[in-house]
1. Residue under question is Ala218, and the condition is that it be within 39 Å of the chain's Cα centre (by Cα), more than 24 Å from Ala289 (Cβ to Cβ) and either aromatic (Phe, Trp, Tyr) or assigned to a helix (DSSP H, G or I) (or both); does it hold?
2. If I ask for residues that are over 30 Å from Gly258 (Cα atoms), out of contact with any strand residue (DSSP E or B) (no Cβ under 7 Å at 6 or more places or on another chain) and either crowded, with 23+ Cβ neighbours inside 10 Å or of a type in the set (Asp, Glu) (or both), which ones from the range 176-202 would you list?
3. Looking only at the range 221-240, count how many residues are assigned to a loop (DSSP other than H, G, I, E, B) and closer than 30 Å to Arg187 by Cα.
4. In the set Val255, Val267, which member is farther than 26 Å from Val118 by Cβ and of a type in the set (Val, Ile, Thr)?
5. Name the single residue, out of those in the range 208-250 being charged (D, E, K, R) and open to solvent by 80 Å² or more (accessible area, probe 1.4 Å), that is nearest to Asp269 (Cα to Cα).
6. Go through the range 87-127 and give me each residue that's of a type in the set (Val, Ile, Thr) and in a helix (DSSP H, G or I).
7. Which is more than 30 Å from Asp206 (Cβ to Cβ) and without any contact (Cβ under 8 Å) to a residue 12 or more places away in the chain, of Asp128, Asp123, Asp148?
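The values are calculated or read from the model by the stated rules, or taken from the named source; none is laboratory data. As the structure is a computational prediction, the values presented were derived from the model and not from experiment. Every residue, glycine as well, gets a Cβ built from its backbone with ideal geometry; the counts of neighbours run over all protein chains shown. Areas reflect the complete protein model, heavy atoms only, side chains present, ligands, DNA and RNA absent. Shrake-Rupley method; radii C 1.70, N 1.55, O 1.52, S 1.80 Å.
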Amino acid sequence: MTFTRPELLGLAPTLCLVVVLALLSQWRRGVRLVDAYGGPAAAVRLIGRRLERFPAVRLMAGLIAVASLVGVAAGVTPEVPEETPTTPVDLMIAVDVSHSMTGTDVEPTRISRAQRLVEEVIDAGVADRVALSMFADWSYRLVPLTDDGEVVSFFAPWIVPDLVNTRDQGTSLSVLIDDAVGAWDERAQPDAIPIVLVVSDGETHDGTEAVIASTRAAVDAGAIVWTAGVGTSTGAPLTLAGSTAPLLDGSGSPVVAGYDEGLLRQVADAGRGAFYEIDGDDGIASIVADLRALSGRTDSIVESTGDPTIWLVLVGLLLLLVDALFDTGLAFRRRS
């Protein structure tokens with residue numbers, strides 16, 4: 001508890017002393033009246049209460065009432081816990097929208113899991129600023145770094161392969177990472193931790209060496225690269241866009257969407273970050289938890305203890321009422 005006017009607390013000892021002296025004086029006068037009336041029985045018939053007994057209940061009620069009302073006068077307020085210092089986090093989310101992300105080996109589809117990841121990260125509020133982009137053969141920025149999570153949430157459902165030109169269906173992780181770091185450089189804040197979160201199935205046509213080189217360049221620029229893998233080792237047959245007909249390669253064989261977990265892990269290792277599998281809810285929860293831990297945020301909400309003033313006033317008035325009942329003898333008469 002804290003007090004807005006702590007100097008008034010000095011009144012408590014003085015007022016308590018006044019209460020004690022007043023009750024002692026009244027009790028001593030009552031003892032003399034008992035003798036004057038001819039004994040306790042006569043005093044009870046005349047006054048309605050036992051004057052010779054020390055008023056211990058009234059004393060306790062009076063002292064507690066004084067303490068409560070002095071606390072109200074001193075402006076008692078609940079102590080507000082200090083907020084844990086947090087580190088700003090700039091999160092650049094890049095979602096793979098190549099045709100392989102339409103695979104259904106992850107329910108309901110790979111791209112739907114990626115959309116859910118974006119929405120849950122935004123809802124958790126674990127980053128100070130968020131940028132959103134999608135990539136296939138090239139990187140497309142949807143939302144620059146912003147502290148307005150609602151803007152990012154608005155664009156999350158639009159992260160679909162159909163939004164990209166049909167001729168741009170390859171996947172270039174190196175171009176994506178370079179573009180994400182460039183987006184952060186344009187709006188960098190010195191004290192923030194920049195994180196590039198790549199959401200992909202790992203299929204890329206630009207080669208492992210090029211991807212790792214871009215990742216190391218991102219680390220040299222001060223960024224951390226995380227990867228979120230979506231897909232399964234068995235893969236999923238692809239269909240033509242907007243159709244249920246199977247997608248065939250040049251030889252007439254069905255095209256199966258692959259999943260390169262090894263490359264995604266290599267990128268995370270080179271980027272001094274972490275790799276997550278988001279096929280289930282646990283992977284998304286782990287990303288949210290790690291972002292929260294990185295920034296120093298807490299997932300518990302400290303509830304306000306409420307203003308105790310009204311309760312102190314009620315206690316003080318109730319105890320004064322108790323003192324009045326004992327002083328008038330009503331409590332004794334009811335017991336009798």
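1. no
2. Passing the criteria: Asp185, Glu186, Asp191.
3. 4
4. Working: Val267 fails: farther than 26 Å from Val118 by Cβ.
Answer to the check: Val255.
5. Arg216
6. Residues satisfying the conditions are Thr102, Ile111, Val118, Val121, Ile122.
7. One residue alone meets the criteria, Asp148.
Residues are listed down the side, and each one gets a yes or a no for (1) on the phi < 0 side of the Ramachandran plot; (2) surrounded by 17 or more Cβ atoms within 10 Å (Cβ to Cβ); (3) modelled with pLDDT of 90 or more; (4) hydrophobic (A, V, I, L, M, F, W, C):
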{"position": "Ile284", "(1), (2), (3), (4)": "yes, yes, yes, yes"}
{"position": "Ala289", "(1), (2), (3), (4)": "yes, no, yes, yes"}
{"position": "Ser295", "(1), (2), (3), (4)": "yes, yes, no, no"}
{"position": "Ser300", "(1), (2), (3), (4)": "yes, no, no, no"}
{"position": "Gly316", "(1), (2), (3), (4)": "yes, yes, no, no"}
{"position": "Arg333", "(1), (2), (3), (4)": "yes, no, no, no"}
